[in-house]
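Take a look at the structure set out below.
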Amino acid sequence: MSNTMDNMVTDNRGEPQTDLIYCCGAITEVLKFGSCQLHSGHKVLFLIIPGNPGVVGFYKTFMQTLHSMFEYRHPVWAVSHAGHCVPPDSMDMVEDSFSAAEGDVFGLNGQIEHKLSFLRQHVPRETSLVLVGHSIGCYIILNMMKRNPELKIIKAIALFPTIERMAQTPQGKVMTPVLCHMRYVAYLPLFLLSLLPEELKASLIKLVFGGIRCLDHTVVQPTVGLLSGDCAANAMYMGGQEMRNVLERDNITIKKNLEKLIFYYGATDHWCPVEYYYDIKQDFPHGNFRLCENGFRHAFVLDAGREVAKMVFEWISGDLGT
């Protein structure tokens with residue numbers, strides 16, 4: 001596509017583009033609002049680093065809202081976790097199983113390296129970044145900042161951050177034995193679910209989400225993808241490592257980047273109790289830490305993607321000269 005054409009498509013207000021690529025040898029889904037190829041003219045990229053499961057489709061409404069609030073000026077991309085998407089028939093889960101296994105690409109450390117590798121391959125060095133992390137995505141962002149201080153980050157926004165003591169949280173206490181010791185027990189029911197027809201999977205998911213009053217229906221299809229078996233297994237494998245490895249808060253990295261960071265804590269978040277908010281506020285009195293006053297759930301994408309995007313816009317529009 002010629003450059004003039006590309007510039008015409010840059011103001012892409014319609015449907016996003018989905019790319020399936022190999023990154024670190026593992027299947028990766030990239031959801032893109034706005035420009036699909038970055039060149040030196042792109043000053044700013046919004047990049048969403050998801051929670052776990054790291055399925056980009058969950059963030060569609062959030063991304064669309066953010067893209068439109070900034071009047072379509074900045075591309076908004078989300079990169080899935082390695083192996084948290086369904087490969088098309090023409091692709092496998094891993095391109096090269098040896099290198100994927102060697103780098104433990106589906107593990108927590110592998111997922112951090114995966115995001116840094118994605119930036120090296122697909123984002124020009126001179127592009128400034130606004131990173132938006134959700135849940136474990138916030139931990140990944142802190143590690144990206146630590147490992148590559150050269151990244152041009154304008155702001156890093158941590159939504160419902162699980163960056164410390166995960167196994168000690170109310171949800172962690174329930175999930176640690178499941179994810180660390182009983183993971184394989186879940187594989188059989190997952191395998192059986194994966195055999196069901198797509199329509200039936202979608203109906204089951206709607207049933208499970210039935211209690212959510214304002215459910216965002218764009219999340220149903222991505223959840224169906226999760227039931228393909230391998231994706232859920234990869235998500236659980238990563239979750240087990242989170243319980244074991246997300247222990248101490250990385251105060252050194254937070255201190256170094258304090259003026260770039262915005263943290264948003266849930267008031268009733270079972271993955272990140274409210275005392276974690278008070279602790280970090282006490283340790284960094286000058287930091288930008290916010291406590292949710294709207295009753296949003298940890299998995300905000302299920303029913304509040306639009307509202308959270310509007311808040312993010314308000315927090316950072318000044319930094320982008322809007």
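The values are calculated or read from the model by the stated rules, or taken from the named source; none is laboratory data. Since this is a predicted model, take the numbers as computed values, not measurements. As a convention, Cβ positions derive from the backbone with ideal geometry for all residues, glycine included, and neighbour counts pool all protein chains shown. Protein only, heavy atoms only, side chains kept; ligands, DNA and RNA dropped before computing areas. Shrake-Rupley method; radii C 1.70, N 1.55, O 1.52, S 1.80 Å.
Scanning the stretch 276-322 for residues that are modelled with pLDDT of 95 or more, within 20 Å of Lys255 (Cα to Cα) and charged (D, E, K, R) yields Asp279, Lys281, Asp283, Arg290. When Leu116, Leu108 are checked against the criterion of being in contact (Cβ under 8 Å) with a residue 40 or more places away in the chain, open to solvent by less than 20 Å² (accessible area, probe 1.4 Å) and out of contact with any His (no Cβ under 9 Å at 6 or more places or on another chain), Leu108 stands alone in meeting it. From Ala78, Ala82, grab the single residue that is in contact with a strand residue (DSSP E or B) (Cβ under 8 Å, 6 or more places away or on another chain), crowded, with 21+ Cβ neighbours inside 10 Å and over 24 Å from Leu320 (Cα atoms). Result: Ala82 is the single residue among Ala78, Ala82 that is in contact with a strand residue (DSSP E or B) (Cβ under 8 Å, 6 or more places away or on another chain), crowded, with 21+ Cβ neighbours inside 10 Å and over 24 Å from Leu320 (Cα atoms). Which of the residues belonging to the stretch 31-43 are modelled with pLDDT of 95 or more and in contact with a Ser or Thr (Cβ under 7 Å, 6 or more places away or on another chain)? Residue satisfying the conditions is Leu31 alone. If you go through the stretch 62-72 and keep only what is open to solvent by 10 Å² or more (accessible area, probe 1.4 Å) and touching a Gly at 6+ places or on another chain (Cβ under 8 Å), you end up with Thr65, Tyr72.
Pairs are defined by a Cβ separation below 8 Å, a sequence spacing of at least 6 or placement on different chains, a first member in the stretch 18-41 that is among the polar types (S, T, N, Q), and a second member that is open to solvent by 10 Å² or more (accessible area, probe 1.4 Å) and in a loop (DSSP other than H, G, I, E, B); the pairs so defined are Ser35/Asn12; Ser35/His42; Gln37/Met1; Ser40/Pro124; Ser40/Glu126. How many residues does the stretch 254-280 hold that are crowded, with 16+ Cβ neighbours inside 10 Å and of a type outside the set (Gly, Ala, Ser)? Here the count works out to 15. For the stretch 140-170, a tally of residues being open to solvent by 30 Å² or more (accessible area, probe 1.4 Å) and touching a Phe, Trp or Tyr at 6+ places or on another chain (Cβ under 9 Å) returns 2.
Applying a threshold of 6 Å to beta carbon distances and a minimum spacing of six or more residues, or different chains, the list of pairs starting in the stretch 197-221 at a residue that is farther than 12 Å from Gly57 by Cβ and ending at one that is of a type in the set (D, E, K, R) and open to solvent by 30 Å² or more (accessible area, probe 1.4 Å) reads Ile212/Asp303; Cys214/Asp303; Leu215/Asp303. Has the stretch 241-250 got at least one residue that is in contact (Cβ under 8 Å) with a residue 24 or more places away in the chain, open to solvent by less than 20 Å² (accessible area, probe 1.4 Å) and among the charged types (D, E, K, R)? Yes, because at least one residue in the stretch 241-250 is in contact (Cβ under 8 Å) with a residue 24 or more places away in the chain, open to solvent by less than 20 Å² (accessible area, probe 1.4 Å) and among the charged types (D, E, K, R).
A quick yes/no check of all residues on (1) part of a strand (DSSP E or B); (2) over 15 Å from Asn257 (Cα atoms):
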{"residue": "Glu71", "(1), (2)": "no, yes"}
{"residue": "Val86", "(1), (2)": "no, yes"}
{"residue": "Ser99", "(1), (2)": "no, yes"}
{"residue": "Phe106", "(1), (2)": "no, yes"}
{"residue": "Tyr139", "(1), (2)": "no, no"}
{"residue": "Ile157", "(1), (2)": "yes, no"}
{"residue": "Thr162", "(1), (2)": "no, yes"}
